[in-house]
Amino acid sequence: MNAYMRGKTATQTKSARLATIARTHTSGLCALGLALVPAYASAQQTAGQSARGALESGDIIVTAQKREERLRDVPVPVTAVSASTLTDQNQTRAQDFFSNVPGVNLQFQNNRAQLAIRGITTSPASGNPVVGFTIDDVPYGSSIGQGGLFGAAPDLDPAELERIEVLRGPQGTLYGASSIGGLVKYITKSPNTDGISGSIGAGANTVYSGGHELGYNIHGAINVPLGDTFAVRASALTRKDPGYINNVLTGKKNVNSSRVTSGRLSALWKPSETFSVKLGALYQNTDVFGRNTADTRLGSPYLQNDQFGTGRGNYKIQFYDATLTADLGGMTLTSVSGYSASDNFHYADFTASPITPFVYNLAFPAYTDFGNVFYNTHTSKKLSQELRLSGSVGQAIEWIAGGFYTHEQNNYRSIGTATDPTNGNIYGVVGRWRNNLTFEEYAAFGNITARVSEQFDVQFGARYSENRQNMNQVSRIQLDPATFGIAPDRYVSGKAKGHSFTYQVTPRFKPSPDHMIYGRLATGYRPGGPNPNCDNGTEFVPCQFRPDKVVNYELGAKGDLLGPALSYDVSIYSIDWKDLQQTQVSSSGTFTFNSNVGKARSRGVEFALESRPTSGLTLALWGAYNDAQLRDSFPVTAVYAAAGDRLPFSSRYSGRFSASYEAPITDDVTGLIGAAATYVGNREGEFVPTQAEAALREKYPSYVQVNLNASVMTEGWKLNVYVQNLTNKAGVTGGGYNNQTNFNRYWLNYTQPRTVGLSIEKTF
């Protein structure tokens with residue numbers, strides 16, 4: 001699928017489109033297999049080649065190593081996908097497109113997309129995040145698990161994006177903490193001074209199950225140059241995603257619908273070829289009206305019985321960034337500043353918790369039947385600053401050196417209420433918890449590439465960081481005052497500090513301009529943190545848990561065969577992981593804390609092939625094998641896990657095949673059709689509390705999802721129709737025993753049922 005064609009203006013002629021189709025060739029793992037395409041066509045400049053030139057040559061330009069390079073030249077396993085490819089197939093949510101990336105396992109529950117890359121995870125709620133996220137090179141989300149919604153992926157609408165890059169394997173040297181599994185980079189659309197341009201579009205879709213509720217989206221964007229050196233870009237979007245799950249307890253249908261409203265404003269000032277400033281501001285508000293969770297006891301993947309008033313949530317994102325670039329003569333100075341604020345809440349159903357009948361009867365002896373509803377809020381404010389210099393020494397050496405600072409303020413609050421399960425009326429509050437967490441980190445990093453010859457070079461990188469953390473916690477459990485009196489607040493606090501050193505060595509050999517072989521030794525870490533209950537006086541709890549670290553050994557190759565007709569990308573890796581962070585329950589059963597629990601290993605192979613046998617036809621195939629398992633059993637004080645057990649959520653086998661064909665229909669009209677089938681292998685859920693419950697560990701069966709799409713394009717207009725999940729397969733994406741489904745082993749999350757939609761867009 002030649003997705004960059006969709007970004008062309010109405011001035012592009014049929015002959016130019018056909019010439020572009022004829023020139024098309026891409027490199028290896030260039031996209032999700034959604035219909036792999038040249039995914040990058042912005043106005044940014046490459047080293048010695050404009051992005052337009054890269055576009056016309058068919059090369060994909062990525063910034064995986066904090067400089068613009070052809071994807072085929074990057075000695076890092078990277079998947080790049082254009083935003084237009086996502087929107088054409090209605091892949092508008094995190095759970096849609098991340099479920100199709102090679103080497104990435106998605107667990108979607110509680111309206112959050114949790115990612116594991118190459119199997120590196122033990123649980124979304126165990127320790128700090130394992131996958132890092134950046135927006136325009138600014139870190140997004142907290143480095144602290146609790147403060148950052150346990151590392152959930154930002155759910156940005158692709159209408160605001162240029163592309164998404166997924167870097168597999170640890171990225172600790174250039175990107176720092178919390179990227180031990182990999183990194184996801186969101187690149188937004190930039191203003192340009194070429195002229196006034198923009199787009200306006202709308203779409204509608206309906207889901208097969210749940211009452212066929214109608215969804216819709218409306219979006220628009222405009223780029224306005226204000227002279228030769230200054231330009232601004234503004235965009236806005238509103239979208240409603242239809243629900244498809246009915247609640248048999250409350251009688252409500254389509255409870256899991258959601259609504260997204262977002263806007264973005266950016267500006268570019270480039271007074272000379274040697275200096276530029278880019279500013280950006282993004283706001284997004286997401287209202288979720290119910291969970292995507294079904295109760296399997298009800299006999300359907302689209303029925304649930306969540307308590308009255310639960311499942312609702314709201315997620316707000318504010319994101320501001322400033323990038324300054326200056327050519328100092330022989331070196332380039334880059335300053336990247338960012339500030340983000342997220343404000344989230346959701347109502348969770350904890351009725352299935354084993355403590356509900358015991359505690360709630362003690363709290364409200366006048367009642368006999370209870371619902372357990374928790375109101376949870378997370379707020380996170382993050383300030384970051386990176387300053388780096390880059391340059392070269394002749395043709396022999398390229399280098400990057402810089403410093404990084406971040407300060408985070410995270411607040412978590414939870415209120416447990418006893419409710420009447422027949423109508424949701426609140427009997428009263430049983431428990432309150434409030435955590436305030438701060439995280440501060442300083443880091444220095446460097447990267448150098450030494451060219452031994454025109455065909456061979458070696459890259460060395462290192463990063464040293466120090467962090468300090470503080471946590472203050474206030475809690476109260478209020479049982480029946482007449483019996484137990486008024487409970488006092490309980491105050492606990494904790495501090496932690498740590499440092500980490502990461503490095504990478506990457507030799508690269510290019511036997512020809514079209515082929516590359518590389519090796520990669522890379523390390524990564526995620527910071528440890530405090531346990532505020534370590535001074536409780538009744539049981540041993542470590543006052544802080546340590547960082548855990550990974551070492552990645554990898555051999556890969558990328559290139560083109562038969563000219564531009566066939567591209568390949570293959571890698572084989574082995575990752576050693578030690579001092580795993582794991583959440584466990586205290587011996588009294590009254591609180592949780594984090595500890596370090598041994599070793600794990602992940603080994604695998606990833607490959608991608610893309611063929612263009614004739615003009616306009618693209619065939620793509622990728623596959624992945626991953627064996628991620630524990631090497632040590634967990635201690636008896638932690639959850640139960642034995643050596644040899646598979647790590648959660650990782651499928652041993654996964655793959656995707658796609659085909660697309662684009663051709664002229666008339667002199668002024670071009671048509672496109674595409675199809676893709678994705679296979680997700682079987683997986684296992686989170687580890688269980690005890691050995692006696694080992695057989696209850698959830699098994700997620702394999703599934704195949706088929707998507708279709710077709711487009712008609714003419715002089716700036718595009719009409720697109722699509723079908724997602726053609727066979728209406730209910731694939732399991734999360735949930736089950738001991739999972740973050742609030743203690744109910746029968747609650748599972750499934751893929752969205754068959755969805756049919758269309759969209760129309762006008763670009764100018």
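Under the rule of at least 5 residues apart or a separate chain, name every residue whose amide H is placed under 5 Å from the amide H of E698.
Amide H to amide H, under 5 Å and 5 or more residues apart or across chains, E698 pairs with G685, E686, Y737.
Can you give the relative contact order of the chain as a percent, counting alpha carbon pairs under 8 Å and 6+ residues apart?
13
Classify region 163-289 as rounded, prolate or oblate, taking a ≥ b ≥ c as the square roots of the eigenvalues of its Cα gyration tensor: rounded when a/c is under 1.5, otherwise prolate if a/b is larger than b/c and oblate if not. Don't jump to the answer; show the numbers that get you there.
Numbers: a/c = 3.40, a/b = 1.55, b/c = 2.19.
Judged from the Cα gyration tensor, region 163-289 comes out oblate (a/c at least 1.5, b/c at or above a/b).
Taking a ≥ b ≥ c as the square roots of the Cα gyration tensor eigenvalues, with a/c under 1.5 meaning rounded and otherwise prolate when a/b beats b/c, else oblate, which class fits region 93-234?
oblate
Relative to the present Cα-Cα distance, how much length would full extension add between D228 and Q395 at 0.36 nm per residue of separation?
56.8 nm
Given the DSSP H assignment, sum -39500 (n - 2.57) over each helix run of at least 4 residues in the chain and divide by its residue total; what's the result at 222 nm in deg cm²/dmol, nearest 500?
-1500 deg cm²/dmol
State, as an integer percentage, the relative contact order of region 482-593 based on alpha-carbon contacts under 8 Å between residues 6 or more apart.
Reported as a whole number, the value is 22 percent.
What accessible surface, in Å², does a 1.4 Å probe find on C534, ignoring ligands, DNA and RNA and rounding to the nearest 10?
Here the residue's solvent-accessible area equals roughly 30 Å².
With r defined as the distance between the Cβ atoms of K495 and L562 and R0 fixed at 60 Å, what FRET efficiency is calculated, to the nearest 0.05?
0.50
Please sort 482-494, 440-452 by packing, taking for each peptide the average over its residues of neighbouring beta carbons within 10 angstrom, highest first.
440-452, 482-494
Which value, in Å² and to the nearest 10, is the accessible area of H499 when all protein chains are kept and the probe is 1.4 Å?
Looks like 120 Å² after rounding.
Whenever you get a sec, line up R631, R697 from highest to lowest accessible area (probe 1.4 Å, protein heavy atoms).
Accessible-area ranking of R631, R697, largest first: R631, R697.
Among 633-645, 323-335, what's the highest-first ranking by average C-beta atoms within 10 angstrom per residue?
Listed from highest to lowest mean packing, they are 633-645, 323-335.
Compute the angle between helix 14-23 and the longest alpha-carbon principal axis of the chain, please, reported from 0 to 90 degrees and rounded to the nearest 10.
The helix 14-23 is inclined about 80 degrees to the chain.
Run the 1.4 Å probe and let me know the accessible area of F230, rounded to the nearest 10 Å².
Surface accessible to solvent at F230 totals approximately 70 Å².
Order the following by accessible area, largest value first: D194, D369. Probe radius 1.4 Å; ligands, DNA and RNA are ignored.
On the way: D194 125, D369 85 Å².
Greatest to least solvent exposure: D194, D369.
Using a 1.4 angstrom probe on the protein heavy atoms only, line up F133, F275 by accessible area, largest first.
Sorted by accessible area, descending: F275, F133.
Normalising by the residue count of region 648-764, find the relative contact order in percent from Cα pairs under 8 Å and 6+ residues apart.
Details: 273 pairs, mean separation 25.4, N = 117.
Relative contact order of region 648-764: 22 percent.
How large a share of the accessible area of the chain, in percent, is made up of carbon and sulfur atoms when the probe is 1.4 Å and the other protein chains stay in place?
Whole-percent figure for carbon plus sulfur exposure: 60.
Assuming R0 = 51 Å, what is the FRET efficiency of A366 and S335, from their Cβ-Cβ distance, to the nearest 0.05?
The calculated FRET efficiency here is 0.25.
How large is the accessible surface per residue of the chain, computed with a 1.4 Å probe and reported in Å² as a whole number?
37
How much length is gained if the chain between V712 and L265 is pulled fully straight, taking 0.36 nm per residue apart and subtracting their Cα-Cα distance, in nm to one decimal?
Value of the extension gain: 157.9 nm.
The values are calculated or read from the model by the stated rules, or taken from the named source; none is laboratory data. Computed from a predicted structure; not experimentally measured. A quick note on method: Cβ atoms are made from the backbone with ideal geometry, for glycine too, and the neighbour counts reach across all protein chains shown. Quick note on the areas: whole protein, heavy atoms, side chains included, nothing else; ligands and nucleic acids left out. Shrake-Rupley method; radii C 1.70, N 1.55, O 1.52, S 1.80 Å.
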